[in-house]
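I have placed the structure first, in the form of structure tokens, so that the comments after it can refer back to it.
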Amino acid sequence: MTAPHPALAATDPELAALVGAEERLQAETLRLIPSENYVSRAVLEASGTVLQNKYSEGYPGRRYYEGQQNIDRIETLAVERAKALFGVDHANVQPYSGSPANLAVYLAFARPGDTVMGMALPMGGHLTHGWGVSATGTWFHGVQYGVRQDTGLIDFDQVRELALKERPKVIFCGGTALPRTIDFAAFGEIAREAGAVLVADVAHIAGLIAGGAHPSPVPHVDVVSTTTHKTLRGPRGAMLMSREEHAKALDKAVFPGLQGGPHNQTTAAVAVALHEAAQPSFRHYAHAVVANAKALAEALLARGFDLVSGGTDNHLILMDLTPKEVPGKIAAKALDRAGIVVNYNTVPYDPRKPFDPSGIRIGTPSLTSRGLGTEHMAQVAAWIDRGVAAAGAGDEDALLTVRAEVAELMAAFPAPGLPV
Ligand SMILES: *Cc1c(COP(=O)(O)O)cnc(C)c1O
């Protein structure tokens, strides 16, 4: 076998060795972090091209630099593919990542000190939805809604009451730990009543929407914000989409409002990912992600685990480990030693602190990209169960046994994009 990165290995063997170690880690482990995935070799290749050598401030046909003949066509291709895939009038593919994309939304529609509204971080929202430690919660007056304690579902009575009382300029819906379908129509009604700009931040579920496995926000919201690297399975980046009426404001906010030159190599890889997401095989992928998550949730429930909202409609499961008497962080670290990669996470109304919370968050985008199916989910649940039990008992040998079993199964399901 030839070295997968021969030039890198020759120039910087130390760095090449670290990349190689990461490739092995991603190959051997069961990666359950719901915001992660495996991109295709084609997406990786587009990300590593000479496109990164160019400066292209501006937009296609309106640049501040010459020599943009090819870059203009590449960005236009990405924009047109995004518009076709999501059924929108306008797409901006330049935001560097999800957080800067959301900052651009504030810049377009609010002024410092204005009231903005989003889901509270510990309830499953995102930092950039007006949470205190984020710039969005210090430069704006953030008001926050949550989920009901009895159901784990978004409390629309609270959303409506808060929106009408506080009259926010911008309302964000979407989040990072929401296992259930988001009712964009319900948010749309409330936003119209309150006179707010409604933003659907679909970073986690964009691939499910593209593949028809989650309803689209497009008919109900003013702006769609998304990352490109989660279920959409593209490079690390983001997009903002809207009807024509908001196109100018969003474009101005991204550049020159917030950013300089776009990352052209990323734009190219976004275009590739959008092409892949438009294929019938991606529809199959999106539905398989959800089917796997539902099967995994059932198997975990059967083993006595407590799941926030009682299960899942999408790619994500939020487990409350309180009944197992194992804190989330201890469980997450033990599972990592067992070759199962998850993250510790607050659960709604968590009595524990954010850095040491009660839950773990898992999801099925990555294992589905490797070809695991519903028939494997009972095994995955059994490993999680054994890992959590071993964490509670301090049984390191049991974790190593699980790790070997995991590596054996994963070896039979080569990861997209990784060298074989
Ligand atoms: C991941 C995520 C973001 C932020 O994306 P980054 O690329 O990490 O900045 C924003 N909003 C939501 C809902 C997310 O899940």
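Here are a few things to note about the model shown:
- Selection count, the stretch 186-197, where residues are away from the ligand (no atom under 16 Å from the Cβ) and either touching a Pro at 6+ places or on another chain (Cβ under 8 Å) or open to solvent by less than 30 Å² (accessible area, probe 1.4 Å) (or both): 7
- Tally, over the stretch 361-401, of residues that are among the charged types (D, E, K, R) and within 22 Å of ALA177 (Cβ to Cβ): 2
Matching residues to (1) surrounded by fewer than 22 Cβ atoms within 10 Å (Cβ to Cβ); (2) more than 23 Å from the chain's Cα centre (by Cα):
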| residue | (1), (2) |
| --- | --- |
| LYS252 | yes, yes |
| VAL270 | no, no |
| VAL289 | no, no |
| ALA297 | no, no |
| GLY311 | yes, no |
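- Residue in the stretch 365-379 that is free of Cβ contacts under 8 Å to residues at least 24 places away in the same chain, in contact with a strand residue (DSSP E or B) (Cβ under 6 Å, 6 or more places away or on another chain) and outside the structural domain of LEU121 (by TED's automatic domain parsing) present: no
- Subset tally (residues that are under 27 Å from the mean Cα position of the chain (by Cα) and either more than 19 Å from ALA332 (Cβ to Cβ) or surrounded by fewer than 16 Cβ atoms within 10 Å (Cβ to Cβ) (or both)) for the stretch 360-409: 15
- Top-ranked residue in the stretch 219-238 [being more than 9 Å from the ligand (Cβ to nearest atom) and more than 10 Å from the chain's Cα centre (by Cα); ranked as most open to solvent (accessible area, probe 1.4 Å)]: PRO219
- Here ALA206 fits the description: within 16 Å of the ligand (Cβ to nearest atom) and buried (at least 23 other Cβ atoms within 10 Å of the Cβ).
- Those residues of the stretch 92-102 which are surrounded by 24 or more Cβ atoms within 10 Å (Cβ to Cβ) and either within 17 Å of the chain's Cα centre (by Cα) or farther than 20 Å from ASP72 by Cβ (or both), in sequence order: VAL93, PRO95, GLY98, ALA101, ASN102
- Among the residues of the stretch 333-354, those that are open to solvent by less than 10 Å² (accessible area, probe 1.4 Å) and outside any strand (DSSP E or B) comprise ALA334, LEU335, ALA338, GLY339, VAL347.
- Of THR151, THR176, THR181, all but one fail to be surrounded by fewer than 21 Cβ atoms within 10 Å (Cβ to Cβ), part of a loop (DSSP other than H, G, I, E, B), within 16 Å of the ligand (Cβ to nearest atom) and not acidic (Asp, Glu); the exception is THR181.
- Of GLY304, GLY234, all but one fail to be over 30 Å from ILE190 (Cα atoms), free of Cβ contacts under 8 Å to residues at least 60 places away in the same chain and not in a helix (DSSP H, G or I); the exception is GLY304.
- Enumeration of residues in the stretch 73-107 that are more than 16 Å from the ligand (Cβ to nearest atom), not in a helix (DSSP H, G or I) and not aliphatic (A, V, I, L, M): GLY87, ASP89, HIS90
- Residue within the stretch 124-135 that is open to solvent by 10 Å² or more (accessible area, probe 1.4 Å) and more than 14 Å from the ligand (Cβ to nearest atom) present: yes
The values are calculated or read from the model by the stated rules, or taken from the named source; none is laboratory data. Everything numeric in this text was worked out from a predicted model, so none of it was measured. Positions of Cβ are backbone-derived with ideal geometry, glycine not excepted, and every protein chain shown enters the neighbour counts. The accessibility values were calculated without ligands, DNA or RNA, using every heavy atom of the protein model including side chains. Shrake-Rupley method; radii C 1.70, N 1.55, O 1.52, S 1.80 Å.
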